[in-house]
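No value in this document is a laboratory result; all are computed from the given coordinates. Treat the numbers as computed from the prediction; the structure is a model and nothing was measured. Here the Cβ positions follow ideal geometry from the backbone for every residue, glycine too, while neighbour counts run over all protein chains shown.
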Amino acid sequence: MSDLTRHFQFMSTALFVGYKALLINETPVSCIVTRGDDIISIGYNYTNISLNGTKHAEFIALERLGRDIDYSELTLYVTVEPCIMCASYLRQLGIGRVYFGCGNDRFGGNGTILSIHNDTSLPHRGYPSIGGICRTEAIQLLRNFYIQENESAPIPQVKKNKNIEEKEFPPNTTNLSKADFIKFFGSLRWERFSSDVEITPNDGQGYFISQLLTLNELKQVPYLEEELGQVGLNQLDSFSSLFYEISNDGRVNYEQSIDKYLHKKRRTV
């Protein structure tokens with residue numbers, strides 16, 4: 001597959017959902033669920049407000065749909081690799097396919113820590129999972145949450161790979177075998193795949209996240225405005241300003257100026 005534009009558009013939508021969650025002081029991990037070319041649900045982390053550790057994006061997005069649905073027909077786009085709990089949940093539901101942005105190096109259940117999605121020793125049918133779509137954007141959105149001061153933290157700590165003042169991103173990795181990577185992303189991307197080369201929608205063509213979203217499309221996303229507030233051009237511009245452009249050679253354009261999301265101090269209720 002050479003043209004991944006639609007996958008990047010879907011993941012960009014998921015990232016915007018995460019940005020809207022950030023605006024209400026939630027951790028910006030988020031997802032959308034698609035059936036064919038239609039978005040039918042969204043989810044976003046809701047653990048801070050609900051004080052419920054199970055309120056992860058995947059649970060919220062899929063619980064809306066009930067049980068009278070064929071989950072094998074659905075695709076989940078989630079900004080961060082599903083944790084072990086969510087990976088097991090997706091497997092039990094029989095989700096059709098999962099795409100994620102950045103890996104979860106602490107709790108990843110789709111290949112980074114455990115491979116719940118394709119472990120043949122586990123009950124229930126496994127599911128294909130592909131990471132790396134909008135990887136740097138997913139990391140940068142998380143950084144914009146973690147740089148905020150937490151009033152309840154007695155000693156401020158800078159989390160590894162989350163210091164927005166440092167431009168470098170963690171090394172690029174994949175949860176796929178070489179054969180599976182080439183099957184989906186193509187041999188040219190494999191040849192160029194390294195710690196400083198990102199996956200782009202088209203070989204040899206860079207992108208900027210603002211090119212992947214339109215206001216009209218966002219306004220059609222179910223539950224978005226109803227639950228997280230109205231979407232406008234100024235908000236879309238503010239969202240886009242948080243991210244680096246990816247150049248035609250797949251490298252992050254660190255010369256570009258980006259904004260930081262500044263909010264009132266984080267509080268743990």
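Once you list every other residue whose beta carbon is under 11 Å from the beta carbon of Gln9, what net charge do they have if Lys and Arg are +1 and Asp and Glu are -1?
Spelling it out: positives minus negatives among the neighbours equals -1.
Once phi is turned into ³J(HN,Hα) by the Karplus curve 6.51 cos²θ - 1.76 cosθ + 1.60 with θ = phi - 60°, what whole-Hz value does each residue of the stretch 80-96 show in order, with x for glycine and proline?
10, 3, x, 5, 4, 4, 5, 4, 5, 4, 4, 5, 5, 6, x, 4, x
For each pair in Lys55/Lys219; Lys20/Lys55; Lys219/Lys260; Lys55/Lys183; Lys167/Lys219, compute the distance between the two Cα atoms and list the pairs where it is over 28 Å. Spell out each step's value before the answer.
On the way: Lys55/Lys219 24 Å; Lys20/Lys55 16 Å; Lys219/Lys260 24 Å; Lys55/Lys183 34 Å; Lys167/Lys219 32 Å.
Checking Cα-Cα distances, Lys55/Lys183; Lys167/Lys219 exceed 28 Å.
Tell me the mean residue ellipticity at 222 nm calculated for the chain from its helices only (DSSP H runs of n ≥ 4, each -39500 (n - 2.57), averaged over every residue, nearest 500).
About -8500 deg cm²/dmol.
For Cys83, what residues show an amide H to amide H distance below 5 Å, using hydrogens built from the backbone and excluding near sequence neighbours?
Gly109
Rounded to the nearest 5, what % of DSSP beta bridges with both residues in the chain are antiparallel? Could you put the intermediate results ahead of the total?
Values: 17 of 26 bridges.
Bridges in the chain are about 65 percent antiparallel.
Please return the longest range in the chain lying between exposed loop sites, taking GluC sites (Glu not before Pro), DSSP loop only, at most 14 other beta-carbon atoms within 10 Å, and leaving the sites out.
Maximal segment without exposed cleavage sites: 1-148.
Sort the stretch 5-134 into rounded, prolate or oblate with this rule: let a ≥ b ≥ c be the square roots of the eigenvalues of the Cα gyration tensor; rounded if a/c is under 1.5, and if a/c is not under 1.5, prolate when a/b is larger than b/c, oblate otherwise.
Details: a/c = 1.33, a/b = 1.21, b/c = 1.10.
Cα axes put the stretch 5-134 in the rounded bin.
For the stretch 1-158, what proportion of DSSP beta bridges, expressed in % and rounded to the nearest 5, is antiparallel?
Rounded to the nearest five, the antiparallel share is 60 percent.
HN-Hα J couplings of the stretch 108-124 from phi, Karplus 6.51/-1.76/1.60, θ = phi - 60°, integer Hz, Gly and Pro as x?
Going residue by residue, I get x, x, 10, x, 6, 10, 10, 10, 4, 5, 9, 6, 6, 7, 9, x, 6 Hz, with x marking Gly and Pro.
Please list 3J(HN,Hα) in residue order for the stretch 7-20, calculated via the Karplus relation 6.51 cos²θ - 1.76 cosθ + 1.60 where θ = phi - 60°; whole Hz, with x for glycine and proline.
With coefficients 6.51, -1.76 and 1.60, one gets 5, 5, 5, 5, 5, 4, 5, 4, 5, 5, 4, x, 5, 4 Hz.
Normalising by the residue count of the stretch 4-241, find the relative contact order in percent from Cα pairs under 8 Å and 6+ residues apart.
Reported as a whole number, the value is 18 percent.
By how many nm would the segment from Lys167 to Phe184 lengthen if fully extended, with 0.36 nm per residue of separation less the alpha-carbon distance?
So the extension gain works out to 3.2 nm.
Rounded, prolate or oblate: which fits the stretch 4-241 when a ≥ b ≥ c are the square roots of the eigenvalues of the alpha-carbon gyration tensor, with rounded for a/c under 1.5 and prolate only if a/b beats b/c? Walk me through the numbers on the way to the answer.
Working: a/c = 1.20, a/b = 1.08, b/c = 1.11.
The shape class here is rounded.
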